Structures are given as structure tokens and as C-alpha cells.
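Notes follow the structure.
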Amino acid sequence: MYSLDEIKKDLKEKLSDYRYNHSLNVAEVSRELANIYGVNEEKAYLAGMVHDIAKEFSDEENKYYIKKYNLPDFGDEFRKIIHSYVGSVYLKEKYNIDDEICKAVRVHTTASTDMSKLDKIVFVADKIEPGKDYLGIEEERVVARKDLNKALLLCLENNYKKLISKGKTMYPSSLKVLKQLKKKHN
């Protein structure tokens, strides 16, 4: 069994100060949203705290876990997604963290068509934590505390717009989730 202190120590060693503080912010926002939406606050806090545990892994570490667990190789275009998959298997391997939390870590960058409330909470908390500031974030923060599904849709829409404005594409499964949510909410 793991302790929060042990995991925080691991995070502190693996992450830059910025990323460590971001992780603690996401944990706090995840706990707050869990309280609003009736999700286990301790699980939400832990999932938020560890969501980026592999964000600053070296290419060698990522390749090790990709090969060991036969994870998708996202190539250069979507390399920012790798940490979510690697992080989920790392957490399972090192701490035997439960599958619900590992899934929330795995889908916090891409979303998925079968997201639990916990998955949605971590995804949204990662976008709206107090250390972030970008066009549209204030609306995301307000909506997140009123309607989790609308907040997820808004976060995905804003991310899509940001990517398009930079000449990039959205990860295909994320785009699928965005289209599915738009259908539901229109």
C-alpha cells in the first residue's frame, strides 16, 4: 500500500517545481469538484495529484513503458499525450493504484467516450486550476462548478480552437468525444 506522503515525495523528485505545484493545484480543484458532484474526494484528490507523474519522464523512460505495456506510440505530433498512458501504468506498477484512478490519469489529456465522473473531474481540473490563465478559462471555471458535462465540452471546444489557431490538429479520439458531446448538448 502507498501513502500520500510517499507519492508526494516521488512527485517532488520527478517533476519541476512548476509541474509539482500544478499537480497540487489540480488535486485541490479535483477535490472541490468531487464534493460538488458526489465523487469520493480522496480518490479525486489523489487522481488530480498524480495525473502528470510521467509528464517529465525522459524519452528512454517513456520508451521503456511503451514497450513493456504495449502502449500506443503517439509519434511526434501527439507526443504530449504519452505521459497520460505512461503515468497510468507507472502508478499501477509502482503503487498498485486502483484502476479507476489509473483510468482518470490515462484519459486526462484525450478524454474518452466512456468517461466516469472522476475522469471528467480530473480532465476539467487540469484545465481550470488556479495556476493557469488563458482566454476562456474564467467561463470554464464558472461552468465547472455548475455542470460537469458542459464544462468538459467547453474545455474541449476551447482546446480545439487553440489547436486550430496554431495550425495543429486535435487527437482523433478527443475530436470524437467533442463531436459526441456537441450532439448531446445541441
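Between N149 and I164, what is the label-point separation in nm under the 7 Å Cα-to-beta-carbon projection?
Distance between label points: 2.3 nm.
What's the magnitude of the charge dipole for the range 38-168 around its Cα centre, counting Lys and Arg as +1 and Asp and Glu as -1 at the beta-carbon? Answer in Debye, nearest 20.
It works out to roughly 260 debye.
With the cut-off at 32 Å, tell me which of the pairs K63/K127; K9/K63; K14/K182; K127/K183; K117/K162; K117/K168 have Cα atoms farther apart than that.
Beyond 32 Å between Cα atoms: K14/K182.
Find the relative contact order for the chain and round it to a whole percent, using C-alpha pairs within less than 8 Å whose residues are 6+ positions apart.
With pairs under 8 Å counted, the relative contact order is 20 percent.
Can you run phi through the Karplus equation (6.51, -1.76, 1.60; θ = phi - 60°) for the range 63-69 and list ³J(HN,Hα) in whole Hz, with x for Gly and Pro?
4, 4, 6, 4, 6, 4, 10
Could you pull out every one of the aspartates and glutamates with an alpha carbon less than 13 Å from that of K150, ignoring same-chain neighbours closer than 8 positions?
The reachable aspartates and glutamates, counting only those whose Cα sits under 13 Å from K150, are E139, E140.
Excluding ligands, DNA and RNA, what is the solvent-accessible area per residue of the range 1-51 at a probe of 1.4 Å, expressed in Å²?
Details: 2590 Å² over 51 residues.
Result: 51 Å² of accessible area for each residue.
In what sequence, largest accessible area first, do T169, T110 appear using a 1.4 Å probe?
Details: T169 75, T110 5 Å².
Sorted descending by solvent-accessible area, the residues read T169, T110.
Taking the Cα centre of each part, how many Å lie between the range 41-101 and the range 111-186?
Between the Cα centre of the range 41-101 and that of the range 111-186, the gap is 20 Å.
Along the charge dipole of the chain, pointing to its positive end and built from +1/-1 on Cβ of Lys, Arg, Asp and Glu, which listed residue (S58, C155, S23) has its Cα farthest out?
C155
Note down the magnitude of the dipole of the range 120-161 about its Cα centre, charges +1 on Lys and Arg C-beta and -1 on Asp and Glu C-beta and zero elsewhere, to the nearest 20 debye. Don't jump to the answer; show the numbers that get you there.
Numbers: 8 positive and 8 negative charges, 28 e Å.
Taking the Cα centre of the range 120-161 as origin, the dipole is about 140 debye.
From the helices alone, meaning DSSP H stretches of at least four residues, give me the mean residue ellipticity at 222 nm for the chain, per-run term -39500 (n - 2.57), in deg cm²/dmol to the nearest 500.
Working: 10 runs with 127 residues, N = 186.
Computed ellipticity for the chain at 222 nm equals -21500 deg cm²/dmol.
The values are calculated or read from the model by the stated rules, or taken from the named source; none is laboratory data. The model shown is predicted, which means the values in this text are computed figures rather than measured ones. Ideal geometry is used to build each Cβ from the backbone, glycine not excepted, and the neighbour counts take in all protein chains shown. Ligands, DNA and RNA are excluded from the accessible area calculation, which covers all protein heavy atoms including side chains. Shrake-Rupley method; radii C 1.70, N 1.55, O 1.52, S 1.80 Å.
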